[in-house]
Amino acid sequence: MKVLHISKNLVGGIGTVVKTLLKLFPLNKSLNLDSPLKNNNIFNKYRDLKDSFANEYKKYNLIHLHGAWTLHILLFKKKLHIPVLISPHGALDRISLQKSKYKKKLVKYLYMKSVYENATFFHALTDKEAQDIRDYGIKNIPIAIIPNGIDFEERLVINHKLQERLLKLAENRKIILSLSRLHESKGIEILIESFEKICHNNNKNVLFIVGAGDEKYNSFLFNKITDSRLENNIFLLGEMLDADKNTVYNISNLFVLPSLNEGFPLTVLEAYRQKIPVITTTATPFEEIADKKCGWYIEPTVDNIYSTLMYATSLHNEDLKKMGKIGYEWMNKNYNLKIVNSMYQDLYLWLITKENKPDYMISNR
């Protein structure tokens with residue numbers, strides 16, 4: 001079973017999904033706009049990608065296209081003679097479509113919708129995303145709903161030197177972690193405003209913000225922190241990967257994802273893997289958090305985040321750990337990579353062989 005994955009690049013949430021699938025199926029390969037390194041110009045990169053794709057795709061049984069909007073989707077202006085599976089990864093969400101909405105409307109009618117209609121099948125992360133695909137105008141192509149997953153059995157390596165440095169920075173205060181791409185849609189600004197109110201009432205907490213963003217937005221966040229005189233309470237730690245990322249989760253008491261717009265964030269799964277209770281918003285698909293009593297599921301406003309943080313930070317660390325353990329059991333049962341990979345394998349095999357159609361995960365809405 002040879003699958004060729006096409007994506008903008010191999011970073012971020014989509015990149016993590018693609019890299020995981022490449023590990024699962026050894027005969028898989030990925031092509032993306034960062035693969036051909038001969039040119040820096042995006043159009044030249046696309047030309048190189050197009051050439052690579054033309055030489056490669058006939059060697060594969062299936063094409064899996066990830067994402068939207070960037071030039072890599074233009075590879076599918078014409079219908080191919082092999083199955084094409086498309087994963088929008090949240091790109092068709094109502095809020096996502098509002099950003100640069102006139103440009104996206106133009107792109108939709110120029111090529112996006114016609115490219116998407118050349119697909120054999122769609123993959124959605126949630127029921128809501130399946131509806132987003134239908135609302136976009138893709139009516140007659142079947143959809144498989146497969147969530148993201150992570151390896152709950154992975155041995156997590158810890159950077160002990162970094163751990164020591166971060167604990168020293170925290171000075172015995174409760175550690176609240178926010179880890180995501182630094183972007184307006186992630187709600188970092190309202191988190192900072194909420195935490196400023198927290199510090200006026202309780203100075204026994206520290207906020208670690210981990211992630212990468214463009215230089216302009218990073219400077220904006222830094223100035224927001226310094227203008228509020230919170231340099232000793234909020235720390236922008238930059239991007240952390242692999243052992244460093246495991247480490248910052250390892251020392252945290254609470255994880256906060258205050259997003260205004262999300263698809264299916266892996267960071268919530270990662271936090272629960274390390275038994276940390278989560279505060280997240282209704283922009284994410286984890287409404288069960290409230291029912292399971294392993295965290296908080298709230299509207300993304302300053303007041304909601306503030307009041308939730310006030311309550312959560314008032315709890316004893318042992319109570320927070322109990323909540324984290326409940327979240328671990330729930331996530332491991334539903335979003336373990338073994339379960340998710342099995343679903344992908346069933347879908348890939350059916351698309352290639354047309355045998356054993358996995359009806360239990362197909363949406364025809």
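The values are calculated or read from the model by the stated rules, or taken from the named source; none is laboratory data. Here the structure is a predicted model, which is why all the values come from computation and not from measurement. With ideal geometry, Cβ positions are generated from the backbone for all residues, glycine too; neighbour counts draw on all protein chains shown.
Among the residues of the range 93-118, those that are more than 26 Å from L266 (Cα to Cα) and touching a residue at least 40 places away in the same chain (Cβ under 8 Å) comprise M112, V115, N118. Consider S363 carefully, then state whether it is at pLDDT below 90 and closer than 25 Å to I95 by Cβ. For S363, the condition - at pLDDT below 90 and closer than 25 Å to I95 by Cβ - is met. For first residues located in the range 132-151 and among the acidic types (D, E), partners that are part of a helix (DSSP H, G or I) and lie 6+ apart or on another chain with Cβ distances below 8 Å form the pairs D132/R94; D135/R94; D151/L337.
The sole residue among L49, L22 that is within 23 Å of the chain's Cα centre (by Cα) and either part of a helix (DSSP H, G or I) or outside the structural domain of E355 (by TED's automatic domain parsing) (or both) is L22.
A Cβ distance below 9 Å, combined with a sequence gap of six or more or placement on separate chains, defines the contacts here; from the range 3-25, residues that are at pLDDT 85 or above reach residues that are part of a strand (DSSP E or B) and charged (D, E, K, R) in the pairs V3/K29; L4/K29; H5/K29; L22/K29. Based on this model, can you work out whether D48 counts as over 30 Å from T126 (Cα atoms), surrounded by 14 or more Cβ atoms within 10 Å (Cβ to Cβ) and in contact (Cβ under 8 Å) with a residue 12 or more places away in the chain? So D48 passes the test. On inspection, Y344 passes the criterion of being assigned by TED's automatic domain parsing to the domain that holds G12, crowded, with 16+ Cβ neighbours inside 10 Å and within 19 Å of the chain's Cα centre (by Cα). Any chance the range 19-35 includes a residue that's over 23 Å from P83 (Cα atoms) and either touching a helix residue (DSSP H, G or I) at 6+ places or on another chain (Cβ under 6 Å) or surrounded by 19 or more Cβ atoms within 10 Å (Cβ to Cβ) (or both)? Within the range 19-35, none of the residues are over 23 Å from P83 (Cα atoms) and either touching a helix residue (DSSP H, G or I) at 6+ places or on another chain (Cβ under 6 Å) or surrounded by 19 or more Cβ atoms within 10 Å (Cβ to Cβ) (or both). Taken together, the residues in the range 25-46 that are over 26 Å from the mean Cα position of the chain (by Cα) and aromatic (F, W, Y) amount to 1.
Cβ-Cβ contacts under 8 Å between residues 6 or more apart (or on different chains), taken from a first residue in the range 320-333 that is closer than 22 Å to T308 by Cα to a second residue that is among the acidic types (D, E) and part of a helix (DSSP H, G or I), are listed as W330/E288. Return the residues of the range 25-46 that are part of a loop (DSSP other than H, G, I, E, B), in contact with a strand residue (DSSP E or B) (Cβ under 7 Å, 6 or more places away or on another chain) and closer than 20 Å to L75 by Cα; say none if nothing qualifies. Once the filter is applied, which keeps residues that are part of a loop (DSSP other than H, G, I, E, B), in contact with a strand residue (DSSP E or B) (Cβ under 7 Å, 6 or more places away or on another chain) and closer than 20 Å to L75 by Cα, the range 25-46 yields only N28.
In summary, A290 fulfils each of the numbered conditions (1) aliphatic (A, V, I, L, M); (2) closer than 30 Å to H66 by Cβ; (3) modelled with pLDDT under 95 with the single exception of condition (2). With respect to E164, is the statement that it is over 24 Å from I279 (Cβ atoms) and in the same structural domain as S314 (by TED's automatic domain parsing) true? Judged against the criteria, E164 is a match.
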